[in-house]
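See structure below.
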Amino acid sequence: MQTKIMDDTEIRLKGIEALYKSLGTTAALRFLMLLHREPTNYVEISKRLYKDQTVDEIFERAKKHWKK
């Protein structure tokens with residue numbers, strides 16, 4: 001089975017749709033505005049995203065989704 005690789009536009013659209021479904025229109029728009037207003041601590045976000053995962057686990061998952 002071959003997985004379709006999404007381009008950047010598709011990822012943005014799916015992300016915004018997920019925000020709307022999860023938060024509702026008003027909260028999703030507020031969230032998007034926060035991203036542009038405040039500096040983002042990507043180190044802290046990465047720590048939370050990858051918590052309790054080994055480097056090998058992260059690497060293996062990344063390899064599965066790598067463009068060929």
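Apply the Karplus parameterisation 6.51 cos²θ - 1.76 cosθ + 1.60, with θ equal to phi minus 60°, to every residue of the range 11-23 and state each ³J(HN,Hα) to the nearest whole Hz, in sequence, with x for glycine and proline.
Karplus values, whole Hz, x for Gly and Pro: 5, 4, 4, 5, x, 5, 4, 5, 4, 4, 5, 7, 9.
Give me the angle, in degrees from 0 to 90, between the Cα long axis of helix 55-64 and the longest principal axis of the Cα atoms of the chain, rounded to the nearest 10.
So the helix axis and the longest Cα principal axis differ by about 90 degrees.
First obtain the Kirkwood hydrodynamic radius of the range 1-59 from its Cα pairs, then insert it into the Stokes-Einstein equation at 25 °C and 0.890 mPa s, and state the resulting D in µm² per second as a whole number.
Diffusion coefficient, whole number: 175 µm²/s.
Compute the long axis of helix 25-37 from its Cα atoms, compare it with the longest principal axis of the Cα atoms of the chain, and write down the angle in degrees, 0 to 90, nearest 10.
80 degrees
How many nm is it between the label spots at SER22 and MET6, if each spot is 7 Å from the Cα in line with the beta carbon?
1.2 nm
Per DSSP H run of n ≥ 4, the term is -39500 (n - 2.57); total these for the chain, divide by its residue number, and report the mean residue ellipticity at 222 nm rounded to 500 deg cm²/dmol.
Theoretical 222 nm ellipticity from helices: -21500 deg cm²/dmol.
Rule-based calculations on the coordinates, nothing more; no lab input. These numbers come from a predicted model, not from an experiment. When we count neighbours, we look across all protein chains shown, and the Cβ atoms used for this are built from the backbone with ideal geometry, even at glycine.
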